[in-house]
Amino acid sequence: MNCEFESDYRSKVLFINFTEPYTLSSNADVLRWRSQWTQALSSWHSPYKALIDCSNLSVAADADLEKSFETMMAFLKGFFLKKAVGFGYSESQGHDLLPFSVLSSEDEARAKAGLRGPRQGRKGETFRSKILLDNHFQQHVVEMSFADEVVIEGPDELKVLEDKLTNNLMQWHSAWSLLIDCSKLRINPELEDSFQRLERKFRGFFLKKIIGYSPASKGESYPFAVFRSRHRAAAELESEGLFSGEDAQCLSKKQQPPQ
């Protein structure tokens, strides 16, 4: 079961997507989905709505599944779920057997769930999905990496980056630094001023420092300090009292920043 969960804390929505075709055909399948869903709720502490892309999801005609679905939904409602709505309806995929409404389009599902406004366009969503954020709460660091090669080439990408970071900060209640894996990241040099304005904005939300590591190429430039190794970048944050070099897990401990 390849299921993706994305939390939008500001809108109080959990987006669920099956990235590959999958059929719920047994109680064990339902329990597996419930377990992954519950794990995704570890960062939630308030009521939310779930919007589920059912395009790749099928349900077998098994009477025993009805009880499993009822138990699953009762369990999730005990963990702040207010409403779940799906989209991508298909009668042949057994969507009528699911314990929540499934509509044809995402817009219809959003209206049914009482969500205002459309979600970002496909281009923005594709870029957004490539941005990976890992919160090191004990070290007061947000670490950003990328699932694929990305280029921040204009204000649209910069706005998506800002929105995803802002959403992630709903989990924070203390000062933080941003550690960026630049191995798959390129930034248009013309955006330096815009990036610095964005940095100033986040400093108003307790950002202390931005540091990168592993530049995408030898001559690549970034609007923040970038070091060759993660360990060296972590050492800079350690001097701020916000990170431990022992957490870098890097064999090379004495690297110099690229010239």
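No value in this document is a laboratory result; all are computed from the given coordinates. A quick note: this is a predicted structure, and the numbers were derived from the prediction, not measured. No Cβ is skipped: glycine too gets one built from the backbone with ideal geometry, and neighbour counts run over all protein chains shown.
Worth pointing out:
- Relative contact order, percent, the chain [alpha-carbon distance under 8 Å, six or more residues apart]: 12
- Estimated purely from DSSP H runs of n ≥ 4, each contributing -39500 (n - 2.57), the mean residue ellipticity at 222 nm for the chain is -9500 deg cm²/dmol once divided by its residues.
- Alpha-carbon centroids, the range 48-98 and the range 169-234: separation in whole Å: 40
- Aspartates and glutamates with Cα under 17 Å of Lys159, excluding same-chain neighbours fewer than 8 positions away: Asp8, Glu125, Glu190, Glu192, Asp193, Glu199
- Cβ-based charge dipole, the chain, positive-most Cα from Ala111, Ser26, Leu198: Leu198
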